[in-house]
1. Taking only protein heavy atoms into account and a 1.4 Å probe, give the accessible area per residue of the chain in Å².
2. On a C-alpha basis, how far is the centre of the range 223-296 from the centre of the range 130-205 in Å? Whole number, if you could?
3. So what's the angle, to the nearest 10 degrees on a 0 to 90 scale, between helix 124-133 and the longest Cα principal axis of the chain?
4. Going by average Cβ neighbours within 10 Å, how do the peptides 370-379, 240-249 rank, with the highest at the top?
5. Check which residues have an amide H placed less than 5 Å from THR79's amide H, if you skip close sequence neighbours.
6. To test your reading of the geometry: what angle, between 0 and 90 degrees and rounded to tens, separates the Cα axis of helix 145-161 from the longest principal axis of the chain?
7. Report in % the part of the accessible area of the range 32-499 that belongs to carbon and sulfur, leaving out ligands and nucleic acids; probe 1.4 Å.
8. What is the helix-to-structure angle for 446-463, meaning the angle in degrees between its Cα long axis and the longest Cα principal axis of the chain, kept from 0 to 90 and rounded to the nearest 10?
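The values are calculated or read from the model by the stated rules, or taken from the named source; none is laboratory data. Treat the numbers as computed from the prediction; the structure is a model and nothing was measured. Methodologically, a virtual Cβ is constructed for each residue, glycine included, from the backbone with ideal geometry; neighbour enumeration extends over all protein chains shown. For the accessible areas, the whole protein counts, side chains as well, though only heavy atoms, and no ligand, DNA or RNA atoms are used. Shrake-Rupley method; radii C 1.70, N 1.55, O 1.52, S 1.80 Å.
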Amino acid sequence: MMFVSLLIAAALCVLAWVYVRWTRVRQYWAKRGVPHLPPHPVMGSLTFLQRQNPGRWMINTYQHFKTPYVGAWWFWRPTLIINSPEIARNVLVKDFANFRDRLLGSGSSDPIGHLNIFTVNEPLWSSIRRRLTSLFTACKLRALQNLLDTKANQLIERIKSTENKSAISLRILFTDYTSDVIGTAAFGVETKAIIGGDCPMRKVTKAFMTFDLYRGICWSSIFFFPELVNVFRFTFFPKWATDYFTKVFRVVSKQRKDEQNRIVEPKDLVDALIKLKQESDEKNEGLTEDIIVAQAAIFLLGGFETSGSALSFALYELAFKPEIQEKMYNELIQIKEQDENCSRLDISKLAEAPYVNSVIKEALRKYSPMGWLDRIAVNDYKIDDNLTIEAGTPIYVNAIGMQYDENYFPNPLDFDPERFMPENEKNIKPFTYLPFGEGPRNCIGKRFGQISVRNALSHVILNYKVAPVANQPKPNDIEFEKHGLFLVPGQDLFVDFIPRN
Ligand code: HEM
């Protein structure tokens, strides 16, 4: 009897503690005068998970409140959504010293997920970032011209050889291409996804495009509740993919070392990573094999789907805008004609093509694959005269929300590359357009992503006109993937490819 009473008393104490704690959580933003939607008792504001793409949720939240910031909760953890370009600038650039880390993270049982530059925190992040930045200079990326030529030609061949062209899924087509380009550049193995070859690298990227409930829980936990990752031993990459990455890296390192004892002039990302490892070993700096493989793996993961989905959305929009296609085509023809080597599209010349670039910028405005930029405050931080956030509060800059704000981008649902033509681009308010993030922790692969997207889109437009297919949604009716975290199409997208002569 005594024991039962004790049990009941203990249960009541726990309930009372939960109630008091929950009351405090629930009142957190109200007490600070921050606009917010009432939190769910368990999920906080995360009730959108698996029901709505986070990018869509960010747009809706922005449009619902239209305030410089909005309070939210990831489960019971208060978090702040930033809708203001001025505050975004402070967090991402001016006061970056207080916002070096991200909330997300993988567990120590998953070295590749836990040590990559995207998830890693200070002090390791600065040291890795400093070394990797030099891999992505324009000059180093020029070495990719041959790879890009080969893959673009294979992309066109693939379209040419497909009998029913209007049944080509754009998402599969373009992620085959991006898996090949980044997989080959980052791991040094020849991949054949774009010519229909079944290769292990593509198996890895396909696994990332498959959203089952388990992966959904894994990813949500990595992004929004990293403390759970170790408890349930969730991993960024499936174990077989991690083993495959490590094996490939070892084999390729050995091959490259056999070819030349010491890599002096890296010809791709994998050469540059091997060189980093060699130099670190010589200076005893402790860059382990896991750290190096983790970077190659995040280049693949961070690059293939972002670039692939940007390409799918861009081409889909173009199918509905023949006049934009023609303008792009004319610019591309001029670039080709000016070049002595007419058989290829030079990546440096393409980088300077104003209209092609405007089309891609506009696609990334409407469809930023990662439309929210997360940082975590190291110390208490004064957001403005009314609000100081506590150390440890995660912050999400609502980039995609701003990119859909008609004050910054009039008629935001219209696909209008003219916004980004040099004469208009200068009028865009700083920090309202952030598809690659900003500041020292922005996208390290920005230039690589731009080059590969430009290359594929330009080759398609030079070879084909594209047109809508019957019974397909209008661009503004496309569903975004509900089960994933990146903003990617939630359905197959098709266009009609009409050969140009
Ligand atoms: C269209 C293509 C791409 C888009 C839109 C994109 C977008 C982004 C965004 C928004 C971030 C977060 C930036 C921030 O928090 O300020 C990011 C980070 C990152 N991206 Fe990309 N990305 C693209 C392509 C690539 C490619 C091709 C690679 C690798 C080759 C890559 C590797 C990374 C890495 C490693 C990070 C983490 C950087 C760090 O934390 O220091 N991305 N990307």
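1. Counting only protein heavy atoms, the per-residue value for the chain is 44 Å².
2. 20
3. 10
4. Descending packing order for the listed peptides: 370-379, 240-249.
5. Residues meeting the amide H criterion: ALA72, TRP73, TRP74.
6. The helix 145-161 is inclined about 80 degrees to the chain.
7. Summing carbon and sulfur atoms, their accessible area is 53 percent of the total for the range 32-499.
8. 40
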